[in-house]
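Novice: Quick one: structure below, then a few questions.
The values are calculated or read from the model by the stated rules, or taken from the named source; none is laboratory data. None of these values were measured; they are calculated from a predicted model. Every residue, glycine among them, receives a Cβ derived from its backbone with ideal geometry; neighbour counts consider all protein chains shown. Protein only, heavy atoms only, side chains kept; ligands, DNA and RNA dropped before computing areas. Shrake-Rupley method; radii C 1.70, N 1.55, O 1.52, S 1.80 Å.
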Amino acid sequence: MSDAAMKLVVVGAAGRMGQALIRMVHEIEGVVLHAAVGRPGSPFIGKDAGEIAGLGPNGILIGDDPLAAFLHADGVLDFTTPATTNEFAALAAQARIVHIIGTTGCSVEDERKISAASRHARIVKSGNMGLGVNLLSVLVEQAARALDPADWDIEVLEMHHKRKVDAPSGTALLLGEAAAKGRGIDLSTHSVRVRDGHTGPREAGTIGFATLRGGSVIGEHSVIFAGEGERVSMAHSAGDRSIFARGAVKAALWARDRKPGLYSMLDVLGLSQN
Ligand SMILES: NC(=O)C1=CN([C@@H]2O[C@H](COP(=O)(O)OP(=O)(O)OC[C@H]3O[C@@H](n4cnc5c(N)ncnc54)[C@H](OP(=O)(O)O)[C@@H]3O)[C@@H](O)[C@H]2O)C=CC1
Ligand SMILES: O=C(O)C1=N[C@H](C(=O)O)C[C@H](O)C1
């Protein structure tokens with residue numbers, strides 16, 4: 001294990017999470033901001049990353065060349081877009097550095113490429129990097145295992161800010177996967193993502209999703225187990241993006257001395273039950 005501070009690159013540096021990550025790297029011991037990368041053509045290219053994140057100038061200018069940024073780095077914190085994350089997964093694997101992926105809305109094909117990159121890179125990917133949601137997912141899995149699908153319906157409800165571009169959220173899908181695992185079913189063949197018009201009665205054994213968008217909500221998630229005459233609700237509220245940023249930096253430090261592979265936040269937090 002190296003004693004030197006872990007050199008981290010923040011990509012999507014001017015974004016909501018990018019700024020939170022730059023502040024968190026500044027706050028946590030054992031990591032240092034090595035470079036900051038933005039979208040080519042963005043008005044933030046050439047601007048001081050510390051200033052954009054509200055810390056005051058730190059001398060690291062936001063660049064648009066990820067390859068140069070990754071060259072002498074130890075890891076990259078990536079909360080961007082699926083296409084960008086795919087591109088960066090290949091570059092991070094080439095550079096043999098840790099890749100922490102918080103980006104949501106990835107397609108099956110995106111996931112396949114990320115998995116291929118993990119043959120050479122240490123990747124931690126999660127739809128939610130926070131401790132609270134990952135703990136909640138363990139509880140949801142237990143509840144889903146305990147409650148008979150013939151008697152209990154599972155619905156996942158989420159609300160986010162009006163600028164969020166993917167639905168259901170990565171967290172809602174993570175919680176849905178936990179419920180499906182508890183029930184021993186495949187989420188992709190048992191989920192109901194949309195209801196509209198004359199839907200007919202609810203099909204037993206399915207897992208439903210409902211999405212709300214508005215204002216500045218950082219992230220609200222509930223998993224509802226609905227039975228005859230009673231309901232069990234489990235919920236999480238995110239009050240600050242620093243919870244995701246803290247988890248991402250923690251994941252980078254955890255992954256530093258691991259073998260190449262695709263890991264989750266449950267692995268990082270020691271909550272994995274596999
Ligand atoms: N897993 C988790 O715990 C969490 C995940 N997320 C996810 O993280 C992602 C980002 O969220 P958020 O920060 O709110 O979104 P933002 O849109 O605020 O940030 C994304 C940033 O990525 C930049 N970007 C786009 N393309 C590139 C590129 N080619 N190279 C470098 N930077 C690029 C964007 O630049 P520009 O605006 O100029 O296009 C923008 O600054 C989403 O998928 C979100 O769901 C968010 C919070 C927590
Ligand atoms: O886009 C967001 O903001 C968030 N995205 C993640 C998700 O899709 O679940 C995590 C968090 O809820 C905020």
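Novice: Per residue Cα convex hull volume for the chain, in cubic angstrom? Walk me through the numbers before you get to the answer.
Specialist: Details: hull volume 37.8 nm³, N = 274.
Measuring per residue, one finds 138 Å³ for the Cα hull of the chain.
Novice: Classify region 78-118 as rounded, prolate or oblate from the Cα gyration tensor: take a ≥ b ≥ c as the square roots of its eigenvalues, call it rounded if a/c is under 1.5, otherwise prolate when a/b beats b/c and oblate if not. Walk me through the numbers on the way to the answer.
Specialist: Values: a/c = 2.02, a/b = 1.35, b/c = 1.50.
Verdict is oblate for region 78-118.
Novice: Let me ask something else. What number, in percent, do you get for the relative contact order of region 131-238 if the mean sequence gap of Cα pairs under 8 Å and at least 6 apart is divided by its residue count?
Specialist: Details: 187 pairs, mean separation 43.3, N = 108.
Relative contact order comes out at 40 percent.
Novice: If you don't mind, another one. With the cut-off at 1.5 for a/c, could you classify region 144-274 from its C-alpha gyration tensor as rounded, prolate or oblate? Walk me through the intermediate numbers first.
Specialist: Values: a/c = 2.16, a/b = 1.42, b/c = 1.52.
Oblate, since a/c reaches 1.5 and b/c is not below a/b.
Novice: Can you sort HIS160, HIS120 by solvent-accessible area, 1.4 Å probe, largest first? Please list the in-between numbers first.
Specialist: Working: HIS160 15, HIS120 90 Å².
Solvent-accessible surface, decreasing: HIS120, HIS160.
Novice: While we're looking at this one, here's another question. Could you give the size of the charge dipole of the chain about its Cα centre, using +1 on the Cβ of each K and R and -1 on the Cβ of each D and E, expressed in debye and rounded to the nearest 20?
Specialist: On the way: 28 positive and 30 negative charges, 101 e Å.
Dipole of the chain, to the nearest 20 debye: 480 debye.
Novice: Right, another one. At a Cα cut-off below 13 Å, give the aspartates and glutamates reachable from LYS47, other chains included and same-chain residues fewer than 8 away excluded.
Specialist: ASP64
Novice: Starting from the Kirkwood Rh over alpha-carbon pairs, what translational D in µm² s⁻¹ does region 60-172 have by Stokes-Einstein at 4 °C and 1.567 mPa s? Kindly include the intermediate steps, with their values, before the conclusion.
Specialist: Values: Rh = 16.1 Å.
Result for D is 80 µm²/s.
Novice: Which Cα, out of THR189, ALA143, SER118, lies furthest along the positive dipole direction of region 111-197 (beta carbon charges, K/R +1, D/E -1)?
Specialist: Most positive-ward Cα: SER118.
Novice: Over the chain, what relative contact order in percent results from Cα pairs under 8 Å that are six or more residues apart? Provide the component values of the computation, followed by the final result.
Specialist: Numbers: 552 pairs, mean separation 53.8, N = 274.
Once normalised by length, the contact order is 20 percent.
Novice: Once the whole set of protein chains is in place, how much accessible area is left on SER191, using a 1.4 Å probe, in Å² to the nearest 10?
Specialist: 30 Å²
Novice: Could you order ASP64, ASP48, ASP3 by accessible surface area, starting with the largest, using a probe radius of 1.4 Å?
Specialist: Numbers: ASP64 75, ASP48 20, ASP3 155 Å².
Most to least solvent-accessible, the answer reads ASP3, ASP64, ASP48.
Novice: In region 22-163, with Lys and Arg counted as +1 and Asp and Glu as -1 at Cβ, which of these residues, GLY132, GLY38, LEU77, has the Cα nearest the positive end of the dipole, that is, farthest along it?
Specialist: GLY38
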